[in-house]
Amino acid sequence: MKSNNKTQKLTKYIFITGGVLSSLGKGISSASIGFLLKSSGYDVTIMKLDPYINVDPGTMNPFQHGEVFVTDDGAETDLDLGHYERFLGESLSKRNNHTTGQVYFEVIRKERKGEYLGKTVQVIPHITDEIKKRMRSFEGEKDFVIIEIGGTVGDIESLPFMEAQRQMGMENGSKRTLNIHLTYVPYIKSSDELKTKPTQHSVKMLMEFGIRPDILLCRSENKLSREIKQKIALFCNVEEPSVVDVPDAPYTIYEVPLMFRQQGLHNIIFEKLGMIPKEPEIDDFKKFVDRIKKPANTLTIGLVGKYTQYRDSYKSIIEAFVHAGSINNTRVNVNLINSEEIDDQNVKEKIGSLDGILVGPGFGKRGIEGKILAIKYARENLMPFFGICLGLQCAVIEFARNVCGLKDANSSEFEKTKNNVIDLMENQKNVQQKGGTMRLGAYPAIIEEGTIAARAYKQTSISERHRHRYEINNDFRELLASKGMIFSGKSPDNQLIEIAELKSHPWFLGVQFHPELKSRAITGHPLFIDFIKTALAEKKKKEKS
């Protein structure tokens with residue numbers, strides 16, 4: 001019998017819930033706490049439990065849900081996983097995001113197969129047991145599992161997750177389970193005072209579910225006074241040092257871990273879990289934040305897309321610009337430009353004053369012509385251009401129309417022509433008839449030496465995350481190349497074009513994958529870093545001339 005030499009860890013669980021109202025920043029708080037614990041030398045992962053009944057966010061409207069964050073293993077997940085990865089600096093997986101839809105789907109599957117042996121299937125224990133099984137999926141692997149429960153305390157959708165949280169506390173005990181509640185302390189301008197009553201009601205409701213918060217994170221516009229903290233502690237049955245104020249970060253969300261460290265939140269967590277306090281090593285992170293707050297340079301980049309009314313639709317791209325900006329000691333102002341509002345008459349007005357453009361991902365025909373006009377302007381005026389997924393495809397269509405002379409060049413997603421330079425991937429054509437799917441997750445690519453891509457990556461073999469079902473049609477590869485388009489990244493079997501660029505241009509590059517999903521705080525992503533570096537150099541060159 002073989003012995004397993006791998007040491008099993010005594011996993012501790014930190015639950016993070018929210019009260020009063022949504023969008024207070026549970027994701028950022030979870031990521032910040034995870035960062036401090038990891039920087040203290042512990043192995044940490046973060047899990048998001050979403051109360052909605054969708055199986056995953058893959059088919060949800062970007063205006064409602066924001067971007068879909070794709071992991072290496074191809075899971076379509078909540079955008080909060082992007083925060084987790086950017087702060088932790090490591091890749092997560094489908095084990096890190098679970099929805100009510102997934103839980104009920106699995107319980108119903110088991111019921112249909114007879115696995116409950118004829119018992120009446122109920123929310124308790126069957127749904128809660130399935131939730132707990134998922135909560136414990138990292139048991140023995142990690143020192144800490146941080147579990148963020150979506151929604152707000154009192155939402156009917158969240159009740160099974162709250163019950164599972166309560167049961168986990170009972171089963172694990174107070175030295176292995178910690179409850180953190182994020183709440184809101186509003187400022188009433190007319191009376192010039194902060195009001196604690198919403199927080200009191202939120203905690204009261206949480207305790208009605210059998211969950212007593214160990215730590216309160218109090219969101220507010222301003223710092224809380226000692227008097228306010230004492231009042232919250234008294235009425236919410238929490239020690240005063242465990243009432244942590246979370247005022248708005250003046251410059252960047254990456255200040256939040258530093259706020260938490262300044263108030264000793266990491267040590268409060270260690271103390272409550274019976275652990276020896278440890279100080280996190282965050283010198284590099286502080287330098288990263290300092291460059292965001294006080295950069296030497298400024299750039300304005302236009303993000304051209306069709307979901308621009310909601311910034312979270314492009315959350316990872318915007319954060320990737322923050323990372324690349326800090327590394328280049330530059331503040332990158334990202335202007336969201338609705339591609340549906342771009343036409344022949346106003347394209348110069350819309351993007352002519354920018355230092356570069358990024359044409360973003362998306363689906364469907366709406367807004368395509370505006371993207372193509374923006375790309376044409378960038379190509380002809382030598383403006384740095386970066387295309388991601390649909391952005392690459394639009395760049396190829398523009399090049400085919402205006403350089404190769406294929407006036408009806410298009411995508412088979414838009415309309416059938418003899419010049420569909422963008423077409424369904426071969427392995428998608430059959431499944432499309434059965435309801436469709438996508439190429440999801442991380443895939444390898446080979447980079448051609450002597451290209452912009454090779455200069456940026458500094459290596460010839462990469463792996464990037466995908467979310468698409470269309471690709472550059474190989475029937476047009478030779479024609480596009482003959483007119484000056486360089487295919488600098490390809491799949492290992494040479495069947496798929498992953499990166500296309502132009503030689504006679506300062507920085508014109510499109511990628512079929514989503515590099516923004518692998519950008520991290522401190523280290524950034526090679527393509528974004530090189531794009532900003534070039535845009536900055538081009539701006540300085542123009543200023544000198």
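Derivation of every value follows stated rules applied to the coordinates shown; laboratory data play no part. If you're wondering where the values come from, they're calculated on a predicted model, not measured in any experiment. Cβ atoms come from the backbone with ideal geometry, glycine included; neighbour counts cover every protein chain shown.
Could you tell me whether the range 461-545 comes out rounded, prolate or oblate from its Cα gyration tensor? Rule is a ≥ b ≥ c as square roots of the eigenvalues, rounded for a/c under 1.5, then prolate if a/b exceeds b/c, otherwise oblate.
In terms of gyration-tensor shape, oblate.
Out of the DSSP beta bridges found with both residues in the range 295-544, what percent are antiparallel (nearest 5)?
50
By how many nm would the segment from Gln495 to Ser93 lengthen if fully extended, with 0.36 nm per residue of separation less the alpha-carbon distance?
Contour length minus Cα-Cα distance gives 142.0 nm.
How large is the direction-averaged shadow of the alpha-carbon convex hull of the range 123-163, in nm²?
Result: 3.2 nm².
Which entries in Lys365/Lys518; Lys12/Lys94; Lys294/Lys490; Lys294/Lys518 show an alpha-carbon gap greater than 32 Å?
The pairs that break the limit, which is 32 Å between Cα atoms, are Lys294/Lys490.
Fewest first, what order do Tyr470, Tyr84, Tyr254 take by the number of other Cβ atoms within 10 Å?
Taking fewest neighbouring Cβ atoms as first place, the list is Tyr470, Tyr254, Tyr84.
Work out the P(r) tail for the range 295-544: percent of alpha carbon pairs separated by more than 23 Å, whole number.
Within the range 295-544, distances greater than 23 Å cover 46 percent of Cα pairs.
Find the Cα radius of gyration of the range 326-366, compare it with 2.2 N^0.38 Å by division, and give the number to two decimals.
Dividing the Cα radius of gyration by 2.2 N^0.38 Å gives 1.43.
How big is Rg to Rh over the range 118-238, alpha-carbon atoms, Rh as the Kirkwood inverse-mean-distance radius?
Dividing the radius of gyration by the Kirkwood radius yields 1.05.
Nearest 500 deg cm²/dmol is fine: what mean residue ellipticity at 222 nm does the chain get from its DSSP H runs of n ≥ 4 alone, each adding -39,500 (n - 2.57), divided by its residue count?
Helices in the chain give a 222 nm mean residue ellipticity of -10500 deg cm²/dmol.
For the range 12-286, compute the orientation-averaged projected area of the C-alpha convex hull (one quarter of its surface), in nm².
For the range 12-286, the mean projected area of the Cα convex hull comes to 15.6 nm².
How high is the relative contact order of the range 122-258, given as a whole-number percent (alpha carbon pairs under 8 Å, six or more residues apart)?
That works out to 19 percent.
Please state the relative contact order of the range 295-544 as a whole percent: Cα pairs under 8 Å, 6+ residues apart?
22
For the range 349-459, rounded, prolate or oblate, judged on the Cα gyration tensor with a ≥ b ≥ c (square roots of eigenvalues), a/c < 1.5 rounded, else prolate if a/b > b/c?
Since a/c reaches 1.5 but b/c is at least a/b, the shape of the range 349-459 is classed as oblate.
Calculated FRET efficiency, Lys9 and Lys195, Cβ-Cβ r, R0 41 Å, to nearest 0.05?
It comes out at approximately 0.45.
If R₀ is 41 angstrom, what is the calculated FRET efficiency for the pair Ser412 and Leu117, using the beta carbon separation as r and rounding to 0.05?
0.25
Helix 526-544: angle to the longest alpha-carbon principal axis of the chain, degrees 0 to 90, nearest 10?
60
If r is the Cβ-Cβ distance from Lys278 to Lys348 and R0 is 41 Å, what FRET efficiency results, to the nearest 0.05?
With R0 = 41 Å, the Cβ-Cβ based efficiency is 0.15.
When a footprinting reagent is the concern and you count Cβ atoms within 10 Å, what order do Arg261, Arg439, Arg86 take, fewest first?
Taking fewest neighbouring Cβ atoms as first place, the list is Arg439, Arg261, Arg86.
Using a ≥ b ≥ c from the Cα gyration tensor of the range 29-183 (square roots of the eigenvalues), is it rounded, prolate or oblate, where a/c under 1.5 gives rounded and otherwise the larger of a/b and b/c decides, a/b for prolate?
Verdict is oblate for the range 29-183.
Pairs of alpha-carbon atoms within less than 8 angstrom and 6+ residues apart define the contacts here; what relative contact order does the chain have, in percent?
So the answer I get is 14 percent.
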